[in-house]
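Student: The structure is given below, and queries will be raised subsequently.
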Amino acid sequence: MAYLARPGNEILLRAVTGGLAVFGILCLKLVWNLGNYHNTTIQRYEKFLDEIPLDIQVKSALRTDLPFALMSDKIWFSATCWFFVFIVVLTLGFAMTAVFGLWW
């Protein structure tokens, strides 16, 4: 990136950061899908536990209270949330550099 930041390479720098911004958007989509998959799987697991004929003690032992959740106020305790925020910040920085150049 330091090489691309030279005055004669600005168009190449913009192209590279534009590509990284597109890659960031794809990463955001994948992390979003991961969160949805996690939520759906937890809901299916809970529903499955309710349907099978087990003792109450066994069901309570099989229910796990995660220290994080991707669908409640516990989302701030998940690495997935902070990874999503990190990707958003990087993608916005790359996009701004791609659109406005190095000195925006």
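Student: Specify the residue with the greatest mean-square fluctuation among 15, 79, 61, computed from a Gaussian network of the chain linking alpha-carbon atoms under 10 Å apart.
Tutor: 61
Student: Could you size up the charge dipole of the chain around its Cα centre, putting +1 on the beta carbon of Lys and Arg and -1 on that of Asp and Glu, and report it in debye to the nearest 20? Intermediate results must be reported in sequence, preceding the final value.
Tutor: Values: 8 positive and 7 negative charges, 71 e Å.
So the dipole magnitude of the chain works out to roughly 340 debye.
Student: While we're on this one: In a GNM of the chain with a 10 Å cut-off on Cα contacts, which of 56, 42, 11 has the highest mean-square fluctuation?
Tutor: Of the options given, 56 has the highest mean-square fluctuation.
Student: Once you order the gyration tensor axes a ≥ b ≥ c over the Cα atoms, which shape class does segment 11-100 get: rounded for a/c under 1.5, otherwise prolate or oblate by comparing a/b with b/c?
Tutor: On the way: a/c = 6.16, a/b = 3.46, b/c = 1.78.
Because a/c hits 1.5 or more and a/b exceeds b/c, segment 11-100 counts as prolate.
Student: Still on this structure, I have one more. Quick one: Karplus J couplings for segment 25-39, per residue in order, coefficients 6.51, -1.76, 1.60, θ = phi - 60°, nearest Hz, x for Gly and Pro?
Tutor: 5, 5, 5, 4, 4, 5, 5, 4, 4, 4, x, 5, 4, 4, 4
Student: Here is a further query. How long is the gain from residue 51 to residue 15 if the chain were fully straight, where each residue apart is worth 0.36 nm and the alpha carbon distance is subtracted? Could the numbers behind the result be given before it?
Tutor: Details: separation 36, 0.36 × 36 = 12.96 nm, distance 5.41 nm.
Extending this stretch completely gives an extra 7.6 nm.
Every number in this text was worked out from the coordinates using simple rules, so none of it is lab data. The shown structure was predicted, so the numbers you read here are calculated from the model rather than taken from an experiment. Virtual Cβ from ideal backbone geometry, glycine too; neighbours counted across all protein chains shown.
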